[in-house]
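Working notes, structure below.
Taken together, the values in this text are just the output of simple stated rules run on the coordinates, not laboratory data. Predicted model only: the values in this text are computed from it and were never measured. Cβ: placed from backbone, ideal geometry, glycine included. Neighbour counts: every protein chain shown.
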Amino acid sequence: MQSNKSKIEQIIADSLSRHKEQRREYTLFGKFFYLKEPFLGNIDVHGVIETLETSMPSHLFDEIDEVLVGDFDFLHERSLEAMYRRCNIRNKPDPKRKRFNREPCS
């Protein structure tokens, strides 16, 4: 029989695990990074962000305010995979679409 202490520890561990799976807000070089919906596969977003921050120069993100990842109608309408729009990067990976489109900040 589990003691109360081990039950509480298990509840906390389960809660932390659920929080990690449901997390959608991160920072990338101090900029807001948001997942509109969770990925279909098991992707360690925190690990990917750490890899980017250690392998890329941070000045590449100087003109970016935020990164939004998700399925956006305006990308479908223009057959795009990603775009730089109003100082934001927005994307939905799809190998059949054009790679990138840039619009000036407004």
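Report the full-extension gain for the segment Leu16 to Asp62: residue separation times 0.36 nm, less the Cα-Cα distance, to one decimal in nm. Can you show the working numbers first?
Values: separation 46, 0.36 × 46 = 16.56 nm, distance 3.27 nm.
Taking 0.36 nm per residue and subtracting the Cα distance, the gain is 13.3 nm.
Could you quote the convex hull projected area for region 1-45, Cα atoms only and averaged over all directions, in nm²?
That works out to 4.6 nm², a quarter of the Cα hull's surface.
Once label points are set 7 Å from the Cα along Cα→Cβ at both Arg24 and Leu52, what is their separation, rounded to one decimal in nm?
Using points 7 Å along Cα→Cβ, the separation is 1.7 nm.
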